[in-house]
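**Q** Can you read through this structure? Questions will come right after.
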Amino acid sequence: MGERSTSTYAGYLAGLALRVAELRERFPDALVSCDVRGEFPGPDLICWNGDPEEIWVWLFEPDGPDGVARARERLREFLADPREVTGVVAKRVVAGPNSAFPAVSVEAASPLDSRQRVEVRHGPVDGIQLHRDFDVEKKTPQAERTAMIDAVEAATDADAESREALGFRRAETVPADFTEAPAAESGSTWQRPEVIHLQLTVELPGGAGQDGGRVAREWFESAWRLFHDLLPPDVLPSDSRVDRSPAGVLIGAVDPEDEERSWEAWFSNDSWEQFRAGLGRRAASVEFLRVDLTRQEWLATLMPLDNAGLDIDLWHYQVDDRQLAVLGIEIPRALFVSGESAALALLRRAAEEAGVLFGLVGIDYGVQLMTGLEYALYLHPWDTVRSVDRTLRGYSWVTIVSEAQTARLGGAEQLRASGAFARVEQLAGGGCWLQATETFAGYTDVEAEAVFRALRPLLPEEAYPSTFKNEWRDV
């Protein structure tokens, strides 16, 4: 599922990009490395040549007492042993002077949420920068959000340029079944992102009451059974003695309004039963189950990305008097392909029983079950879920449209006649199952363009045909 606290990550990402832009404006020849992916325990921002005798480093943490304390400790530990940096350039390493940044505080649009803004400011001592996000009443203009995304991409480019100039690069994890796509005309190469998600946007019957809980429980229970089928025997815990299982399994919920109601726990019989009993009825932003396969080296070979895993999610959205939810399952591509038919059967059954406003099987982009189209157009599910009755959130190998949307597209027969789908099947609970090709591997740019044309009346005005290579940004 990627970052669970998307707003905190947005503040970090934006703060980093803003400070990189300031450094490069003040020191045009500066070599700057920055941890745009939030992966490493060392410095988040390094300026290698702002001073002829020093390397400057900064740590970025959330604004507040806990963030300040964590930043102080991280900075102290790193400066005590800076070999990660001095092994590249043999200069003295110091806490970066905050005076290197012209502005004490900078505010900008959030790169991930149109109803939030972010701020980065100087910490209490050199080498510390603090970031925060905050809600705003009016939606941020698209131009400001695009400018923020451009700043993040510029920071990514600056990081790559510094690594090339200094003769080192970021270590990458290459999946065991890595398949490289053909080179584009520009000579660049790309690969498909390595995590697949299945998702449904539904209206929970009875709001967050008993019926809504039933829908949520059936989703989590079905996905949990699917995980047992996909993984080798004995990988997942089956009783309260979780230490006998090589995979770590966390369950929990995040409530942004009350941190005391946010919790997580290791899987056990008791914690699983308590979790199931409250599903769909909690005052939570997201309820989740996460399987971590990286705890054992042999299991990690199943995972192409660091810190990735299998996930089951339920994201809550209150839209006027309706309780909408996005149900999600994220699976590594290699595992998904091995259990493709079982995964599709699960999704089909859930769509028919719950009644569906939108559904999709496609690439996961690590942000709150964002679709490929949302990712490409810088749209956030918080916005698109609100308009799901009118506009599709995206399209992919499998797209599920509601009964009303099927009618707007001319009905099932017209969709079959379009030639864009190998399967056009009406669902028992209303709506239509649209499958572009028999297998996920067969879905390419050619098929995606045909699906785009068939669904164009329901897509955002700025949408364009794409599958993977046009959508995958390093943001």
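**Q** Quantify how much of the Cα-Cα distance distribution of the stretch 6-166 extends past 30 Å, in percent.
**A** Of the Cα pairs, 12 percent sit more than 30 Å apart.
**Q** Would you mind calculating the relative contact order of the stretch 195-458 from Cα pairs under 8 angstrom and at least 6 residues apart, reporting the percent as a whole number?
**A** Once divided by the residue count of the stretch 195-458, the mean separation gives 19 percent.
**Q** Can you give the relative contact order of the stretch 361-405 as a percent, counting alpha carbon pairs under 8 Å and 6+ residues apart?
**A** Dividing the mean separation by the residue count of the stretch 361-405 yields 38 percent.
**Q** Shifting gears a bit: When C34, C47 are ordered from fewest to most other Cβ atoms inside 10 Å of their Cβ, what list results?
**A** In increasing order of surrounding Cβ atoms, one gets C34, C47.
**Q** Can you list residues whose amide H is under 5 Å from W433's amide H, if they're 5+ apart or on another chain and H is modeled 1.01 Å from N?
**A** For W433, the qualifying residues are E425, Q426, L427.
**Q** A further question follows. Set Lys and Arg Cβ to +1 and Asp and Glu Cβ to -1, take the dipole of the stretch 195-458 about its Cα centre, and tell me which of A428, G339, A253 lies farthest positive.
**A** Most positive-ward Cα: A428.
**Q** Stretch R92-R456 to full length: gain in nm at 0.36 nm per residue minus the Cα-Cα span?
**A** 125.3 nm
**Q** Hey, another quick one. Could you calculate the FRET efficiency of A265 with A165 from 1/(1 + (r/R0)^6), where r is the beta carbon distance between them and R0 is 45 Å, rounded to 0.05?
**A** Efficiency computed from Cβ-Cβ geometry: 0.45.
**Q** Output wanted: per-residue J couplings in Hz (rounded whole) for the stretch 276-291, from phi through Karplus 6.51 cos²θ - 1.76 cosθ + 1.60, θ = phi - 60°, x for Gly and Pro.
**A** 4, 4, x, 4, x, 10, 7, 7, 9, 6, 8, 10, 8, 10, 10, 9
**Q** Need the C-alpha centroid separation for the stretch 316-369 versus the stretch 418-442, integer Å.
**A** A separation of 15 Å, based on Cα centres.
**Q** Given the peptides 448-455, 60-67, arrange them by the average over their residues of other C-beta atoms within 10 Å, most packed first.
**A** So the order, starting with the most tightly packed, is 448-455, 60-67.
**Q** Note down the magnitude of the dipole of the stretch 195-458 about its Cα centre, charges +1 on Lys and Arg C-beta and -1 on Asp and Glu C-beta and zero elsewhere, to the nearest 20 debye.
**A** Taking the Cα centre of the stretch 195-458 as origin, the dipole is about 660 debye.
**Q** Which three numbers, in whole Å and largest first, are the semi-axes of the equivalent ellipsoid of the stretch 195-458 derived from its Cα gyration tensor as √(5λ)?
**A** 30, 22, 16
Laboratory data are not the source of any read-out in this text; all were calculated from the coordinates shown. Remember, it's a predicted structure, so these values are computed and weren't measured experimentally. Cβ sites come from the backbone with ideal geometry, for glycine too, and all protein chains shown count toward neighbours.
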